[in-house]
1. Output the residues belonging to the stretch 1-25 that are surrounded by fewer than 16 Cβ atoms within 10 Å (Cβ to Cβ) and either modelled with pLDDT under 95 or assigned to a helix (DSSP H, G or I) (or both).
2. Within the set of pairs 6 or more residues apart or between chains, which connect a residue that is surrounded by 13 or more Cβ atoms within 10 Å (Cβ to Cβ) and outside any helix (DSSP H, G or I) inside the stretch 26-47 to a residue that is modelled with pLDDT under 90 and hydroxyl-bearing (Ser, Thr, Tyr) with Cβ atoms less than 6 Å apart?
3. Which numbered condition trips up ARG64, out of (1) of a type outside the set (Asp, Glu); (2) part of a helix (DSSP H, G or I); (3) more than 16 Å from ARG111 (Cβ to Cβ); (4) without any contact (Cβ under 8 Å) to a residue 60 or more places away in the chain?
4. Which condition number in (1) in contact with a strand residue (DSSP E or B) (Cβ under 9 Å, 6 or more places away or on another chain); (2) surrounded by fewer than 20 Cβ atoms within 10 Å (Cβ to Cβ); (3) on the phi > 0 side of the Ramachandran plot; (4) without any contact (Cβ under 8 Å) to a residue 40 or more places away in the chain is the one that ILE112 fails?
5. For the stretch 3-25, which residues satisfy the criterion of being over 17 Å from ASP56 (Cβ atoms), among the hydroxyl-bearing types (Ser, Thr, Tyr) and without any contact (Cβ under 8 Å) to a residue 40 or more places away in the chain?
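The values are calculated or read from the model by the stated rules, or taken from the named source; none is laboratory data. Quick caveat, the model's predicted, so the values are computed rather than measured. Positions of Cβ are generated from backbone atoms using ideal geometry, with glycine treated the same way; all protein chains shown enter the neighbour counts.
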Amino acid sequence: MKLLLDTCVWGGARTVLQSAGHDVVWTGAWAEDPGDEQILAYAHAENRVLVMLDKDFGELAVVRGQQHSGIIRLVDISVTRQGDVCVWLLNKYAAELEKRAIITVDDTRVRI
């Protein structure tokens, strides 16, 4: 699956996800941060699921109606587990993400 990891996501998650066969871009490697609206637009234009930690992108998609290609929000997931949690989510919920689902995950539940 094609993914875009927001800057706040641990950069090491990119390696974990790439090792699992995913096409991953991490905004932390970009020269500058273009802002949330542009990041979400880039993810949509590239047909990438956006992985992030905060609510900002979900609000852009739900409240403002900005188009997206799926969103995963990691809530209180330790940095060293972020990649593994994403791999698990992608394996379990690929069909939902292909339909542009917004998924929130924490240590006790998954909400779609």
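1. If the condition is that a residue be surrounded by fewer than 16 Cβ atoms within 10 Å (Cβ to Cβ) and either modelled with pLDDT under 95 or assigned to a helix (DSSP H, G or I) (or both), then THR7, CYS8, GLY11, GLY12, THR15, GLN18, SER19 are the ones that fit.
2. none
3. (2)
4. (3)
5. Correct list: SER19 only.
Residues are listed down the side, and each one gets a yes or a no for (1) under 14 Å from the mean Cα position of the chain (by Cα); (2) assigned to a helix (DSSP H, G or I); (3) not charged (D, E, K, R):
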residue	(1), (2), (3)
HIS68	yes, no, yes
ILE77	yes, no, yes
GLN82	yes, yes, yes
VAL87	yes, yes, yes
ALA95	no, yes, yes
ARG100	yes, no, no
